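A short worksheet on the structure shown next.
The values are calculated or read from the model by the stated rules, or taken from the named source; none is laboratory data. Predicted model, so just to flag it, every value in this text is computed and none were measured. Using ideal geometry, Cβ is built from the backbone for each residue, glycine included, and neighbour counts are taken over all protein chains shown. Only protein heavy atoms, including side chains, enter the accessible area calculation; ligands, DNA and RNA are left aside. Shrake-Rupley method; radii C 1.70, N 1.55, O 1.52, S 1.80 Å.
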Amino acid sequence: MAGAAQLRSFVEVPAGSHFPIQNLPFGVFRRRGAQAPPRPAVAIGDLALDLAAVADAGLFDGPALAGSPCFHQETLNMFLGMGRPAWKEARATLQKILSADEPVLRDNEALRNKCLVPMSDIEMILPITVGGYTDFFCSVHHARNCGFIFRGPQTPVNPNWFHLPIGYNGRASSVVVSGTDVIRPRGQGHPTGNSGPYFGPSQKLDFELEMAAIVGPGNELGKPIDINNAEDHIFGLALMNDWSARDIQAWETIPLGPFLGKSFSTTISPWIVTLDALKPFTCEAPKQEPEPLPYLAEKNHVNYDIPLEVWIKPKDQSDASIVAKTNFKHLYWTVTQQIAHHTINGCNMRPGDIFATGTLSGPEPESLGCLLELTWNGQKEIPVGNLTRKFLEDGDEVILTGCCKGEGYNIGFGTCTGKVLPALP
């Protein structure tokens, strides 16, 4: 980590920034008011480095990227499919041309102005075409709390949970980028008394603090990804809010699992932080008992030490208030185990597919990653500024953030935000 701390850019990066030269997360932007198509970029401080402009200048001159059209696409999918050699080459090139002692951009004002764009002048868009989205259920603390709430203390966690990463196929078409409003969903809820099912706007709208893994090259149909090669198939991580309508979900979920209670909106942050940038923050993953089956037994069983927070800003308040603090390191089933399990039956994954961790809850009361747990399914209220909440109300803005703390630098994810709008009439 000391080596990483010594890296410096000629770009002035504000103290505490999520995006120093050690990070360089990838996204896709559009210039505000411009007719030009979207372009891939990396973040550096308060600027976006336009990768199409860098490519046009001939600065990607390595064997994987020289002459490649991957940074002239409107999404990152082509680049993701090129795999780890291209990713490492891009990262090395970008860190070199942005470094304080490299003149190619530093001393060329015209090229610098072409390549570096203030973030205030751009709009971030969904960085990938999401062909498939899978949601896992991999936090033991979340699984245990949900079991207590819905099934009671006898068997809060089903026995199969400790043998495999539980997941279901989500809805890729409703994955949206941070800043997109979320319309309160309508649907059916549990009947009360002798009446039929409730129908109307969800009364129990919730956030879920998750992280999304972004798939790289993927695998051919019928050919599983080996657990010890799984890291080569994961480009990076993004923050995710998998919005949930708990009342709709509770009524519909037996026997086939979540459907309309989850499929209305899933928000991801615009910047994807690579596994290479996260490498200094690897940490031991929780011990697994019983030992996993051989196809899930990894030689390098690690997570990442990523502190995570959830804030809520009600419409009538000027400031957001923190409601949860947790950490990615509590994840029981790692992202590499998740992708190995996902493909063990031969299921093929494709560049730009995403799979999510499930709600990331920790062991402390303040580390619960959704209102379902924080309010114990609405049995108690939590403070939000000078207000209280059981579930989300119209006008509430939910803000997720995550940031690894290095020695003299951060590796951050920015924010993942969404505001609740009233249900359609």
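Using a Förster distance of 25 Å, how high is the FRET efficiency between residue 125 and residue 102, based on the Cβ-Cβ distance and rounded to 0.05?
That gives a FRET efficiency of 0.25.
State, to one decimal in nm, how far the label point of residue 379 lies from the label point of residue 284, with both points 7 Å from Cα in the Cβ direction.
The answer from the label model is 3.4 nm.
As a check on your grasp of the helix formula, calculate [θ] at 222 nm for the chain: sum -39500 (n - 2.57) over DSSP H runs of n ≥ 4, divide by the residue count, round to the nearest 500.
-4500 deg cm²/dmol
First check a/c for segment 197-275, with a ≥ b ≥ c the square roots of the eigenvalues of its C-alpha gyration tensor; if it is under 1.5, answer rounded, and if not, answer prolate when a/b is larger than b/c or oblate otherwise.
Because a/c hits 1.5 or more and a/b fails to exceed b/c, segment 197-275 counts as oblate.
Mind scanning 114/419; 380/419; 262/315; 88/325 and naming the pairs with a C-alpha gap bigger than 28 Å?
114/419; 88/325
Using 1/(1 + (r/R0)^6) with R0 = 35 angstrom and r between the beta carbons of residue 293 and residue 88, what's the FRET efficiency to the nearest 0.05?
Efficiency, rounded to the nearest 0.05: 0.65.
Assigning unit charges at the beta carbon (Lys, Arg +1; Asp, Glu -1) and nothing else, what dipole magnitude in debye, to the nearest 20, does segment 6-151 show about its Cα centre?
About 520 debye.
Residue farthest toward the positive end of the dipole of the chain, with Cβ of Lys/Arg at +1 and Asp/Glu at -1: which of 168, 118, 336?
Result: 168, furthest along the dipole toward the positive end.
If each residue of separation counts as 0.36 nm, what is the full-extension length gain between residue 256 and residue 5 once their alpha-carbon separation is subtracted?
Between residue 256 and residue 5, full extension yields an extra 85.5 nm.
Taking the square root of 5 times each eigenvalue of the Cα gyration tensor, what semi-axes in Å does the equivalent ellipsoid of segment 133-421 have, largest first?
29, 23, 18
Please say if segment 26-125 is rounded, prolate or oblate, where rounded means a/c under 1.5 for a ≥ b ≥ c the square roots of the C-alpha gyration tensor eigenvalues, and otherwise the choice is prolate for a/b larger than b/c and oblate otherwise?
Oblate, since a/c reaches 1.5 and b/c is not below a/b.
By its C-alpha gyration tensor, with a ≥ b ≥ c as the square roots of the eigenvalues, how is segment 249-303 shaped: rounded for a/c under 1.5, else prolate for a/b larger than b/c, else oblate?
oblate
Which angle from 0 to 90°, rounded to the nearest 10, does the C-alpha axis of helix 140-151 make with the longest principal axis of the chain?
With rounding to tens, the tilt is 20 degrees.
Rounded to the nearest 20 debye, what is the charge dipole size of the chain about its Cα centre when +1 sits on each Lys and Arg Cβ and -1 on each Asp and Glu Cβ?
Taking the Cα centre of the chain as origin, the dipole is about 480 debye.
On a 0 to 90 degree scale, rounded to 10, what angle separates helix 84-98 from the longest Cα axis of the chain?
Helix 84-98 sits at roughly 60 degrees to that axis.
Could you tell me the distance between the Cα centroids of segment 94-127 and segment 43-75, to the nearest Å?
After rounding, the separation between the Cα centres reads 10 Å.
Per-residue accessible area for residue 121 at 1.4 Å probe radius, Å² rounded to 10?
80
For segment 92-201, count all C-alpha to C-alpha pairs, find those more than 23 Å apart, and express that count as a whole percent of the total.
Here the long-distance tail beyond 23 Å is 66 percent of all Cα pairs in segment 92-201.
State the answer as a single residue: which of 352, 424, 402 lies farthest towards the positive end of the charge dipole of segment 319-425, with beta carbon charges of +1 for Lys and Arg and -1 for Asp and Glu, about the Cα centre.
Checking the options against the dipole of segment 319-425, the answer is 352.
How far is it, in nm, from the label point at residue 424 to the one at residue 35 when both lie 7 Å from their Cα along the line to the Cβ?
3.2
Just report the Cα centroid separation between segment 334-408 and segment 144-214, whole Å.
If you average the Cα positions of each part, the centres end up 12 Å apart.
So, taking all protein chains as they sit and a 1.4 Å probe, how much accessible area belongs to residue 107, in Å² rounded to tens?
That residue has around 100 Å² of solvent-accessible surface.
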